[in-house]
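The values are calculated or read from the model by the stated rules, or taken from the named source; none is laboratory data. The structure displayed is predicted, hence computed values, not measured ones. Virtual Cβ from ideal backbone geometry, glycine too; neighbours counted across all protein chains shown. SASA here: full protein model, heavy atoms, side chains in, ligands and nucleic acids out. Shrake-Rupley method; radii C 1.70, N 1.55, O 1.52, S 1.80 Å.
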Amino acid sequence: MDRRETLKTLFLAPLAGGIIARSGQAKSASDVSWTALPTSYSYGRTEAEQQRDATLFAESYFREHELLTIAVLCDIILPSNHPNGGALDAGLPDFVEFMVKDRSRYKLPIRGGIAWLDNYAIEKFAADFITVSEPQRLAICDDIAYPDMEDAELQPGISFFSLMRNFTMTGYYTTELGLKDLGYVGNTPNVWDGVPERVLQQHGKQYDAQWLSKCVDQSRKEIIAEWDDDGNLTS
Amino acid sequence: MAEQEYDVIIIGSGAGGGMATHQLANAGLKVALVEAGAYYDPADEEQRTQLRYPWESPRRGASTRLRPFGDYNSCIGGWELDGEPYTMKDDTDFMWWRGRMLGGRTNHWGRISLRFGPLDFKRKDSDGLGDNWPIGYEDIKPYYDKVDKLIGVYGSNEGLYNDPDGFFLPAPKPRLHELYYIDGAKKSGVPVYPARKSILTKRINNDRGVCFYCSQCSRACGIHADFSSGTVLIYPAIRGGQVDLYTNSMVREIITDEEGLATGVSYINKEDRLEYQLKGRSVVLAASACSSARILLNSRSAQHSNGLGNNSDHVGRYLHDSTGASRAAFLPELMDREIYNEDGVGGMHVYTPWWLEDAKLDFTRGYHLEIGGGMGMPSYGFGFAVNQYNDFIGERVGGYGNQLRDDIRKFYGSRLSIACRGESVPQYTNRCELDPTVVDEWGIPVLRFDYHWTEHEINQARHMQDTMEELLEASGGILLGSKAGADRDYGLTKPGEIIHEVGTTRMGTDPATSVTNEFGQLHDASNVFIADAGPFVSQADKNPTWTIMALAWRQSDYLIEQMTQGNL
């Protein structure tokens, strides 16, 4: 079974399903689908910002073929065959579409990069990137996924792949799936009382007693601060 | 609008304007507070960015021209404002940040709250450059003490002569990367102390909450556990009923009478684009060093033909900003670390103040070190160059597939960075002045900057680079990037970039070489005061906010006294 069949929206159920496009070829990469990202947000914006974002969302930049290529590449970079989902579950094509409109300096490198990739695939395997077979696509990626490849002809592809990897990683690790995958546990009210003892031991570190004497006693944090005339805290 | 005459019209609601509002309104004076930006309260759900996850923003927190410090940063304003240009003379490359919101730039500063020390007020005595302040540490100390107690600042009393003790709240314990830094600095013989930041690690009153350690002070705190002028000074003052707040009001000029004294201000309401006037017995100008200079220079009259307060031709001169440089390292010992909630307070828990006062160096005046690192919340840019550190551990950079997940976790939180902030030497020729031809969208002439660093700042930046390399390596780090050399002025930041601009209306005893007296009162118009960083004679390697507020408080006491005596 084509593993893309299993992608769908397993992990971000509340979000609407993404577009599905087909090139007409059986088992083609163009069967790819992804989770759609929201197109309206509310998080403390000024009027000018709201207007700008509305304009960005109203604009459509990538052609369908380009979006499909982005989707296939993102899926290779961070596949969805993982308990925490992958790039397509995180809506990567939608994210890239938004970001290139937001930061328009990326528009050309990605459009041009896709065109380069298709040219390279045609030269090597006589079809564009999303049309060649999966092993052929991976062979192409093996050529351009490593910055230490010195072949001059590959450099534009390496540069493009690095850019797509950056977008994929940042686009995934800034979603709920990504934070879970990373194990991030912050962004919540808590009481910081120093590095856990076991972690200190792992690193061979310890708190200096004199330093600790200057630090907050969290059991007294709600008692209103008072000082003597010399600046010594007395409460 | 009624023909009300205010006791005081305060222009600008940042650190200085907020403190003036708080003190003068609490003393019973009738105050008009005029702010060019909109009303802002981080506790308002409509304006909240705190505690939001990255995916709540379509750009995952990336910066935009409208939010240059990131999509969740509470700044409203920036380096470029629509309709409000500024220009540069010759090859000047000045960056001018303007806040446009209630509370001004105090909504999104680093909360680093450092007193100037005795040496900082008398730098000419030690290096012969620039000028001494007309006041000394002993004059301002009582006000620093009051500011500490009113606003709250964590830190520690260390008995350091030029980094004086105060009334501190207890410090947060260092994070893991900070422990690495402390050990590294110890090896290099460089001191480290708890940082000093205006964040409430302990309750200070019943109005404000206690820090809950989300590390997001830059997004402004919904429970007001960090200092901003709006939350800590202006809201309480407004509740007292003595303050009329005018927002979205862009001041064009201060109006003076035939005796040359101020009678009010003229401003443009940005919503209807019409011009209005307020009448007042006195004016406190606190629009930020450069904006206040601009308003003075635009306040021309028969009595002040060169601009208000500018008989000396010193308004706009001696503009200076902090120097800055930064460097980062990869700490292999922090690879594959255990993940726990390490958010802490916003920014650093530890810092290094200037420690080489007595050393022989090829530059004068010092700098302090700010420490960064940790397991922050991912936002746009996280995961870029995901496994570039593989280079350092003999593994291949690049690739694709699920092994990238391992790379992300392997290197998460393994970076240690240092930023230096130093004192520059004020120069007569570094200035802002009115551009002779360019106006903003309201027809107000704009500022033109003329500013160049000197060899003191460039040599200082070279020393910063050497220091950062030594300390990062001593902490176990592998340096990232290349060391900035002479071709890049050793990584020295652009003037204006650190957003500590001061000096444009410097204080002094001689009206021929200064703009205000020691109370920020104009030599040329006794009922006009400057309460921002314009009156600073020199800037120290300390962030200016605490000194702005101490001076504003001292000025307020003087203003009230003068008014009581019938002198205003």
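Residues B:GLY18, B:GLY77: which one is within 13 Å of chain A (Cβ to nearest Cβ), within 18 Å of the chain's Cα centre (by Cα) and closer than 30 Å to B:GLY241 by Cα?
Residue meeting the stated conditions: B:GLY77.
Only residues that are within 10 Å of chain A (Cβ to nearest Cβ) and over 22 Å from the mean Cα position of the chain (by Cα): list them for region B:337-362, please.
Within region B:337-362, B:ARG337, B:GLU338, B:ILE339, B:TYR340, B:ASN341, B:GLU342, B:ASP343 meet the criteria.
Working only within region B:41-55, note down all residues that are within 16 Å of A:THR46 (Cβ to Cβ) and modelled with pLDDT of 95 or more.
Selection gives B:ARG48, B:THR49, B:ARG52.
Can you tell me how many residues within region B:235-254 are more than 14 Å from B:TYR39 (Cα to Cα) and part of a loop (DSSP other than H, G, I, E, B)?
Qualifying residue count, region B:235-254: 3.
Return the pairs, sorted by first residue and then second, in which the second residue is assigned to a loop (DSSP other than H, G, I, E, B) and open to solvent by less than 40 Å² (accessible area, probe 1.4 Å), the first residue lies in region B:241-259 and is touching a residue at least 60 places away in the same chain (Cβ under 8 Å) and under 19 Å from B:ALA25 (Cβ atoms), the beta carbons are less than 6 Å apart, and the residues are 6+ apart or on different chains.
Cβ pairs passing all conditions: B:THR247/B:GLU35.
Out of curiosity, is A:GLU66 outside any loop (DSSP other than H, G, I, E, B) and within 11 Å of another protein chain (Cβ to nearest Cβ)?
No: the conditions fail for A:GLU66.
So B:SER288 fits all but one of (1) in the same structural domain as B:SER475 (by TED's automatic domain parsing); (2) among the hydroxyl-bearing types (Ser, Thr, Tyr); (3) within 30 Å of B:ASP120 (Cα to Cα); what number is the exception?
(1)
Tally up the residues in region A:57-72 that are in contact with a Lys or Arg (Cβ under 6 Å, 6 or more places away or on another chain) and buried (at least 19 other Cβ atoms within 10 Å of the Cβ), please.
The total comes to 0.
Could you grab me the full set of residues in region A:182-203 that are more than 7 Å from every other protein chain (Cβ to nearest Cβ) and open to solvent by 70 Å² or more (accessible area, probe 1.4 Å)?
Those that are more than 7 Å from every other protein chain (Cβ to nearest Cβ) and open to solvent by 70 Å² or more (accessible area, probe 1.4 Å): A:GLU197, A:ARG198, A:GLN201.
In region B:345-358, what residues are touching a residue at least 40 places away in the same chain (Cβ under 8 Å), of a type outside the set (Ser, Thr, Tyr) and under 23 Å from B:LYS186 (Cα atoms)?
Passing the criteria: B:GLY347, B:MET348, B:HIS349, B:VAL350, B:PRO353, B:TRP354, B:TRP355, B:GLU357.
Scan region B:269-288 and tell me whether some residue there is within 14 Å of chain A (Cβ to nearest Cβ), in a loop (DSSP other than H, G, I, E, B) and open to solvent by 10 Å² or more (accessible area, probe 1.4 Å).
yes
Picking from B:GLY503, B:GLY481, B:GLY491, B:GLY476, which residue would you name as being of a type outside the set (Asp, Glu), open to solvent by 40 Å² or more (accessible area, probe 1.4 Å) and in contact (Cβ under 8 Å) with a residue 40 or more places away in the chain?
Matching residue, one of B:GLY503, B:GLY481, B:GLY491, B:GLY476: B:GLY481.
Would you confirm, using the coordinates I've provided, whether B:ASP487 is outside the structural domain of B:HIS304 (by TED's automatic domain parsing) and under 16 Å from B:GLN460 (Cα atoms)?
The answer is yes for B:ASP487.
Looking only at residues that are of a type in the set (Ser, Thr, Tyr) and in a loop (DSSP other than H, G, I, E, B) in region B:441-473, which one is most open to solvent (accessible area, probe 1.4 Å)?
So, considering only residues that are of a type in the set (Ser, Thr, Tyr) and in a loop (DSSP other than H, G, I, E, B), the one most open to solvent (accessible area, probe 1.4 Å) is B:THR454.
Only one residue in B:ILE234, B:ILE238, B:ILE255 is among the β-branched types (Val, Ile, Thr) and farther than 27 Å from B:GLY503 by Cα. Which one?
B:ILE238
In the list B:ASN73, B:ASN132, which residue meets the criterion of being modelled with pLDDT of 95 or more, touching a helix residue (DSSP H, G or I) at 6+ places or on another chain (Cβ under 6 Å) and under 20 Å from B:ALA419 (Cβ atoms)?
Just one listed residue meets the conditions, B:ASN73.
Restricting to region A:144-181, count the residues that are within 7 Å of chain B (Cβ to nearest Cβ), over 14 Å from B:GLY383 (Cα atoms) and in a helix (DSSP H, G or I).
Total satisfying the criteria: 1.
Yes/no per residue for (1) outside any loop (DSSP other than H, G, I, E, B); (2) open to solvent by less than 40 Å² (accessible area, probe 1.4 Å); (3) touching a strand residue (DSSP E or B) at 6+ places or on another chain (Cβ under 6 Å):
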| site | (1), (2), (3) |
| --- | --- |
| B:GLU138 | yes, no, no |
| B:TYR143 | yes, yes, no |
| B:PRO174 | no, yes, yes |
| B:LEU179 | yes, yes, no |
| B:ALA185 | yes, yes, no |
| B:GLY209 | no, yes, no |
| B:CYS214 | no, yes, no |
| B:CYS221 | no, yes, no |
| B:THR231 | yes, yes, no |
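Being open to solvent by 40 Å² or more (accessible area, probe 1.4 Å) and farther than 30 Å from B:ILE199 by Cβ narrows it down to one of A:LEU163, A:LEU212, A:LEU138, so name that one.
Of A:LEU163, A:LEU212, A:LEU138, the one residue that is open to solvent by 40 Å² or more (accessible area, probe 1.4 Å) and farther than 30 Å from B:ILE199 by Cβ is A:LEU138.
Do you know which residues across region B:78-101 are of a type in the set (Gly, Ala, Ser) and either surrounded by fewer than 22 Cβ atoms within 10 Å (Cβ to Cβ) or without any contact (Cβ under 8 Å) to a residue 24 or more places away in the chain (or both)?
The answer is B:GLY78, B:GLY83.
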